[in-house]
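Reading through the structure tokens given below for one structure.
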Amino acid sequence: MPVMMNQTAQDAISVEMAEIKVSTRLTDRLVAYGLGACIGLCIYDPVFRIAGLAHIVLPACQPSANAVPRAGSLPRKSAFVGKFADEAVPKLIEDICRGGGKRENLVAAIVGGAHIFSTLGSSGSPSRLEIGARNVIAVSDALDEAEVPVVATDVGGSHGRTVTLKACDGTVSIRPIGSEEWLLTSLGKAGCKA
Amino acid sequence: MTPVAFKSLTDPEQRIEWLVENAADLPSQARIAMAVTKLVNQNSASAAQVAKTISGDQVLTARVLKMANSAFYGAPRRISTLTDAIVLLGMRAIRDMAMSVSCQDLLDREVHGYSIRRGDLWKHSSCVGFAAQQLARRAKYSVAEEAFVAGLLHDIGKVIISHRLSDEFVEITRRSEEQGVAYYDAERMVLGFDHAEIGARMCERWNLPPQLVTTIRYHHNPSAQPDSPPLTRIVHLADVLCMMLGIGLGGDGLRYKLEDGVVASLGLDDEAIEQVLSMVIEYAAMDVEQDTTAPRR
């Protein structure tokens with residue numbers, strides 16, 4: 001079942017690392033705090049006014065990534081559905097559609113993917129440790145495959161960001177850490193034009 | 001307000017000495033945790049000895065038991081005594097828990113000036129400790145628990161600067177923003193020293209082991225340390241990885257850089273790094289669940 005916000009939820013809903021949240025309540029704001037190389041993927045259905053935000057951390061799931069011996073157990077594996085781009089993008093779309101959205105209405109904004117390792121691989125593509133750039137590519141590819149248009153991006157750079165998506169109109173705003181918030185786009189308006 | 005006595009000093013060495021003299025003592029819980037660490041590292045300690053040492057502080061005992069019962073450790077049954085916890089989870093796990101919870105009060109404060117909200121420095125510190133421990137195991141570093149403690153305490157100097165030198169921090173922030181440099185560079189410009197140096201001096205005062213002191217001192221530039229031991233490179237890498245994930249990012253964002261060659265020098269490959277990143281995410285999520293007392297964002 002999608003993670004739907006109920007009527008008792010508060011206005012600002014934090015989407016922590018590797019989480020996906022969807023809201024239909026018009027007063028809700030979905031917020032992913034302090035994105036570094038991570039991606040805050042905002043997807044919006046402007047017709048039914050359904051908002052979804054995924055806080056994506058890594059580009060792709062590797063079989064070995066979940067098979068590492070560790071001190072603690074992994075009691076809530078299902079809570080980390082947003083960890084990998086290749087799994088998170090289809091899951092977010094699925095959750096929005098389960099909440100009443102239509103795939104053909106959806107529009108997206110990609111935020112985050114800051115750089116920290118500045119090296120490039122021998123082919124000119126990002127090296128494996130350039131997680132931010134790889135995240136941007138992985139999310140873009142997955143959205144392309146799902147045929148969800150990307151109408152705005154704020155990616156790269158060397159600063160952290162907090163992204164907020166308003167359920168009422170799909171407004172996406174960004175607050176670079178230590179700076180003022182600014183408006184990236186309104187997915188509601190962009191979706192109607194798309 | 002920065003104390004007048006500090007402002008009257010111009011020599012960086014005198015300023016450091018003043019700060020160390022006037023900073024808070026190590027919390028008593030942390031002293032007990034240090035004693036537990038020493039005991040467990042001797043390899044001859046009994047469960048009863050370790051339990052007796054921790055139980056010298058009731059609050060510490062309660063916090064360790066709370067953590068031992070958290071979902072992260074996945075104990076097979078409810079743990080109600082320290083001896084139970086040691087038997088079920090192992091002495092090393094209890095040692096790390098004691099160290100972790102004992103430092104929480106110190107690190108779980110709002111750190112003005114660094115644009116770090118209350119709780120975020122604690123989250124960053126505990127995640128760097130965890131990441132350092134995981135990297136140490138993969139790098140086959142013989143004392144992985146040292147990496148945990150060093151990671152936990154690496155930014156302790158930020159707390160001291162933030163709480164004692166609020167006036168200077170206005171200038172530090174301005175320099176960082178205008179010149180696009182990391183806070184530690186701006187700290188050196190304004191104060192003549194950085195949070196790594198003051199953190200190291202504090203740990204010296206607290207009689208922490210010398211390898212922890214030097215790791216804290218060089219955690220931003222491990223190549224500057226004579227012989228550049230693996231522990232410093234491990235904590236440096238863990239710090240950068242957590243910043244990359246956005247855990248504890250301050251106003252200077254991602255201006256912290258990974259020194260060239262650190263990953264390869266530890267015998268680690270990209271896959272190992274991604275594995276550790278993946279585990280840190282889950283650790284961070286559990287940390288949020290456990291910490292129900294501190295106000296979150």
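The values are calculated or read from the model by the stated rules, or taken from the named source; none is laboratory data. Please read all numbers here as calculations on a predicted model, not as lab measurements. When we count neighbours, we look across all protein chains shown, and the Cβ atoms used for this are built from the backbone with ideal geometry, even at glycine. Note: accessible area is taken over every heavy atom of the protein model, side chains too, but ligands, DNA and RNA are not part of it. Shrake-Rupley method; radii C 1.70, N 1.55, O 1.52, S 1.80 Å.
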| task | State yes or no: is B:V190 more than 14 Å from chain A (Cβ to nearest Cβ) and within 17 Å of B:V159 (Cβ to Cβ)? | result | no
| remark: (1) touching a Leu at 6+ places or on another chain (Cβ under 6 Å); (2) within 26 Å of B:A196 (Cβ to Cβ); (3) modelled with pLDDT under 80 all hold for B:A24 apart from (1)
| field | Residue ID - modelled with the highest pLDDT, chosen from residues in the range B:1-21 that are part of a loop (DSSP other than H, G, I, E, B) and open to solvent by 60 Å² or more (accessible area, probe 1.4 Å) | value | B:D11
| query | Within the range B:257-267, restricting attention to residues that are more than 16 Å from B:D239 (Cα to Cα) and of a type outside the set (S, T, Y), which residue is nearest to the other protein chains (Cβ to nearest Cβ)? | reply | B:A264
| query | Restricting attention to the range B:180-197, does a residue exist that is within 19 Å of the chain's Cα centre (by Cα) and open to solvent by 30 Å² or more (accessible area, probe 1.4 Å)? | reply | yes
| query | When you go through B:M67, B:M34, B:M97 one by one, which is the residue that is in contact with a Leu (Cβ under 9 Å, 6 or more places away or on another chain), closer than 22 Å to B:V159 by Cβ and within 14 Å of another protein chain (Cβ to nearest Cβ)? | reply | B:M97
| query | Just for the range B:213-244: of the residues that are open to solvent by 10 Å² or more (accessible area, probe 1.4 Å) and at pLDDT below 90, which one is nearest to B:H154 (Cα to Cα)? | reply | B:S228
